[in-house]
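Derivation of every value follows stated rules applied to the coordinates shown; laboratory data play no part. The model shown is predicted, which means the values in this text are computed figures rather than measured ones. Every residue, glycine as well, gets a Cβ built from its backbone with ideal geometry; the counts of neighbours run over all protein chains shown.
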Amino acid sequence: MANKPTLGSALQTARKARGLSQEAFSDVSSRTYLSTLERGLKSPTLKKLEGLCDVLEVHPLTLLLLSYTSNQKQARELAEKILDEAESIRTQKASKSS
């Protein structure tokens, strides 16, 4: 069984796919901090994740999707599940508000 991807490995994969060095994130993070994130030693706050994703030019959910999937089929299935769950929550909220 393959190891489950992590946010750190997804961050590193996205950074390398974009051709960026760790130094490219200097406006939002130190190289040392980015390295600890990529190695899974720390977890970013949502605000920090947004800043990192701004540099990567991806939505934060893209990194989360990469963290929980290892191939395109899994990503599509998870994205569909997320959309279904979100719609269910919105529908339940709307019916309770009425």
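Things worth noting here:
- Note: segment 43-98, Cα convex hull, 109 Å³ per residue.
- GNM flexibility winner over the chain from SER67, SER88, SER30 (Cα, springs under 10 Å): SER88
- Considering only LEU56, LEU78, LEU34, the Gaussian network model of the chain with Cα springs below 10 Å gives its largest mean-square fluctuation to LEU78.
- Using a cutoff of 8 angstrom between alpha carbon atoms and counting only pairs six or more residues apart, the relative contact order for segment 7-97 works out to 29 percent.
- Shown here for segment 42-98: GluC sites (Glu not before Pro) in loop regions (DSSP other than H, G, I, E, B) with at most 14 other Cβ atoms within 10 Å, namely GLU57.
- Read-out P(r) over Cα pairs in 10 Å bins from 0, in percent, derived from the coordinates shown; its label in [x] 17, 57, 26, 0; [y] 13, 32, 27, 17, 8, 4, 1; [z] 15, 41, 26, 14, 4, 0: [z]
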